[in-house]
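The values are calculated or read from the model by the stated rules, or taken from the named source; none is laboratory data. For clarity, every value in this text was computed on a predicted model and none was experimentally measured. When we count neighbours, we look across all protein chains shown, and the Cβ atoms used for this are built from the backbone with ideal geometry, even at glycine.
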């Protein structure tokens with residue numbers, strides 16, 4: 001039985017590395033997912049992982065959880081928990097991620113800081129500790145430390161420009177198996193069309209991969225109730241999502257569709273203190 005579990009882990013890890021390279025940047029939050037990951041200009045709680053510069057615009061402490069079931073496979077589940085706390089000198093945040101199963105998994109812990117450099121300009125940085133575990137005699141656990149950088153600029157009240165660098169120095173895992181963690185550069189534009197519509201765009205380039213392009217639209221159906229759709233040239237071609245806010249609690253639901261592997265449902269819960 002153990003051999004079967006190990007074999008399954010290897011198969012799923014191969015699938016994972018083809019679709020999401022080991023410790024590649026992963027979008028967080030069902031809002032981002034509903035927008036087909038066009039999130040580099042979004043100023044919300046999950047900027048904690050999508051573009052830390054967006055944290056500088058938070059005005060209340062917040063905590064959140066995120067869950068993603070990739071293609072309906074338990075071995076590819078992704079989970080994240082985090083918190084952000086605005087202070088007089090900027091916003092600090094903590095996150096922890098877990099992806100995989102007991103036979104193969106990746107964990108990440110991050111410490112973020114963001115601040116406003118000017119009235120319409122913010123910057124953010126995050127230090128990440130990455131760890132990979134495989135239940136094999138020859139290869140058990142490896143780790144690395146890397147960082148992320150982000151910038152966000154408001155051209156006007158309606159137009160925002162954002163950029164984010166993940167692992168810019170291409171750090172490698174410390175293990176018997178030499179594994180370079182991919183670098184990811186993202187840049188995007190966000191347009192607020194009237195009071196109810198947001199259009200978010202993003203271009204993303206990952207080491208050794210073609211650039212991907214993302215477009216998402218958010219519409220406020222009712223007060224504190226939102227619908228989202230998105231398209232992408234990456235692995236997930238289409239996505240949609242929904243959010244409702246009740247007092248200090250936000251519930252976000254979304255799903256993306258891969259052209260061969262099917263749907264990946266996501267959910268996130270955010271509490272503003």
Residue 182 fails exactly one of the following numbered conditions: (1) over 28 Å from residue 94 (Cα atoms); (2) touching a strand residue (DSSP E or B) at 6+ places or on another chain (Cβ under 7 Å); (3) in a loop (DSSP other than H, G, I, E, B). What is the number of that condition?
-> (1)
Answer yes if at least one residue in the range 142-151 is out of contact with any helix residue (DSSP H, G or I) (no Cβ under 8 Å at 6 or more places or on another chain), buried (at least 17 other Cβ atoms within 10 Å of the Cβ), part of a loop (DSSP other than H, G, I, E, B) and modelled with pLDDT under 90, and no otherwise.
-> no
Long-range neighbours under 7 Å by Cβ, at least six apart or interchain, first residue free of Cβ contacts under 8 Å to residues at least 60 places away in the same chain within the range 114-125, second in a strand (DSSP E or B) = 115/90; 115/122; 115/123; 117/123; 120/153; 120/154; 121/153
Residue satisfying all of: in the range 183-203; free of Cβ contacts under 8 Å to residues at least 60 places away in the same chain and under 15 Å from the mean Cα position of the chain (by Cα); nearest to residue 240 (Cα to Cα) among these = 203
Among residues of the range 45-81 being free of Cβ contacts under 8 Å to residues at least 60 places away in the same chain and either under 25 Å from residue 191 (Cα atoms) or crowded, with 24+ Cβ neighbours inside 10 Å (or both), the residue nearest to the chain's Cα centre (by Cα) is 58
Within the range 222-244, of all residues that are farther than 16 Å from residue 258 by Cα and at pLDDT below 95, the one nearest to the chain's Cα centre (by Cα) is 224
Count of residues meeting criterion [in contact (Cβ under 8 Å) with a residue 24 or more places away in the chain and either more than 16 Å from the chain's Cα centre (by Cα) or over 16 Å from residue 163 (Cβ atoms) (or both)] in the range 129-150 | 15
Candidate set from the range 205-221 (those that are in contact (Cβ under 8 Å) with a residue 40 or more places away in the chain and under 16 Å from the mean Cα position of the chain (by Cα)); member that is nearest to residue 25 (Cα to Cα) = 206
When residue 261 is evaluated against the numbered criteria (1) at pLDDT 95 or above; (2) surrounded by 15 or more Cβ atoms within 10 Å (Cβ to Cβ); (3) more than 19 Å from residue 25 (Cα to Cα), which criterion, by number, is the only one it fails?
-> (1)
